[in-house]
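Presented below is the structure to which this report refers.
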2 protein chains.
Amino acid sequence: MTVTVLKVSKNSNPNSIAGAILSSMRENERAEIQSVGAGALNQAVKALAIARGYVAPSGYDLVCSPAFQDINIEGENRTAMKLVVEKREL
Amino acid sequence: MTVTVLKVSKNSNPNSIAGAILSSMRENERAEIQSVGAGALNQAVKALAIARGYVAPSGYDLVCSPAFQDINIEGENRTAMKLVVEKREL
């Protein structure tokens, strides 16, 4: 199953990203977040902290595994951080 | 058991933080990283990605759970991100 990658920028709203994480968890049991730069990663991690609060009443928690990812943006090579988000039963 | 909190700044070296994460995992089976600001969080998450590579040959992976944390730095209230790092068997 293909998971839609959530591309986050430094201007993304953490609450909106958190909602998108939940939506992806419901559909695919996982979420993938891609960010380029410190500001974008900051929003992604904040969103994950918020999303943990959203899912806690349902009896599970979220954990993430970060990895580097080489990507190409408009012909330029950049290193993105990919966060794979998965469920963990409480 | 008290886990020493690894305080990371934007000037911290991700490889050094990765080494400190491994050391904490060996002693306590977990690590806690605290960062204030996007630059510091960026170094912390990079370190975690590097540390995953260090532990993979030992047959386990690392996952993290981020949370907000209110802290006081020199009389000023700040919001830090706390990353709790735990093992996951492969």
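The values are calculated or read from the model by the stated rules, or taken from the named source; none is laboratory data. Every value quoted in this text rests on a predicted model; they were computed, and no experiment measured them. Using ideal geometry, Cβ is built from the backbone for each residue, glycine included, and neighbour counts are taken over all protein chains shown. Surface accessibility is based on the protein's heavy atoms, side chains included, excluding ligands, DNA and RNA. Shrake-Rupley method; radii C 1.70, N 1.55, O 1.52, S 1.80 Å.
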Counting only protein heavy atoms and rolling a 1.4 Å probe, one gets per residue an accessible area for chain B in Å² of 52
Check: C-alpha center the range B:56-76 vs C-alpha center the range A:57-90, spacing in Å is 15
Longest principal axis of chain B (C-alpha) makes with the long axis of helix B:14-28 (C-alpha) an angle, in degrees to the nearest 10, of 70
A student applying the Cα gyration tensor rule (rounded when a/c is under 1.5; otherwise prolate if a/b is larger than b/c, oblate if not) would label the protein assembly as shown rounded
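Which of the three applies to the range A:11-59, rounded, prolate or oblate, going by the alpha-carbon gyration tensor with a ≥ b ≥ c and a/c under 1.5 meaning rounded? Don't skip to the answer; put the middle values down first.
Details: a/c = 2.42, a/b = 1.64, b/c = 1.47.
Prolate is the answer for the range A:11-59, as a/c is 1.5 or above and a/b outweighs b/c.
Tell me: how much accessible area in total is hidden between A and B, 1.4 Å probe, Å², nearest 100?
Result for this pair: about 1700 Å² buried.
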Nearest 10, in degrees from 0 to 90: the angle of helix A:38-55 to the longest Cα principal axis of chain A is 10
Two pseudo-spin positions, 7 Å from Cα along C-beta at B:SER9 and at A:ASP70, lie apart in nanometres by 3.4
The alpha-carbon center of the range B:1-45 and that of the range A:15-49 are separated, in whole Å, by 22
The relative contact order of chain A, taking Cα pairs under 8 Å that sit 6 or more residues apart, comes to a percentage of 31
Note to self, chain B gives a 222 nm [θ] from helices alone (DSSP H runs n ≥ 4, -39500 (n - 2.57) apiece, / all residues, nearest 500) of -12000 deg cm²/dmol
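So, by mean Cβ neighbours within 10 angstrom, what's the order for B:41-47, B:25-31 with the highest one leading?
On the way: B:41-47: 25.9, B:25-31: 15.7.
Per-residue Cβ counts within 10 Å, averaged per peptide and sorted highest first, yield B:41-47, B:25-31.
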The set of residues whose placed amide H lies less than 5 Å from the amide H of A:SER9, leaving out same-chain residues fewer than 5 positions away, is none
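Order B:65-77, A:60-72 from most to least packed using the mean count of other Cβ atoms within 10 Å.
Numbers: B:65-77: 11.6, A:60-72: 16.5.
So the peptides B:65-77, A:60-72, ranked by packing, come out A:60-72, B:65-77.
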Between B:ARG30 and B:THR2, the two model label points (7 Å from Cα along the beta-carbon direction) sit apart by a distance in nm of 1.6
Semi-axes a, b, c in Å (a largest) for the range A:30-90, each sqrt of 5 times a Cα gyration tensor eigenvalue, come to 27, 11, 7
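Which percent of the accessible area of the range A:1-63 is formed by carbon and sulfur heavy atoms (probe 1.4 angstrom)? Each step should come with its number before you reach the end.
Details: 1370 of 2900 Å².
Of the solvent-accessible surface of the range A:1-63, carbon and sulfur hold 47 percent.
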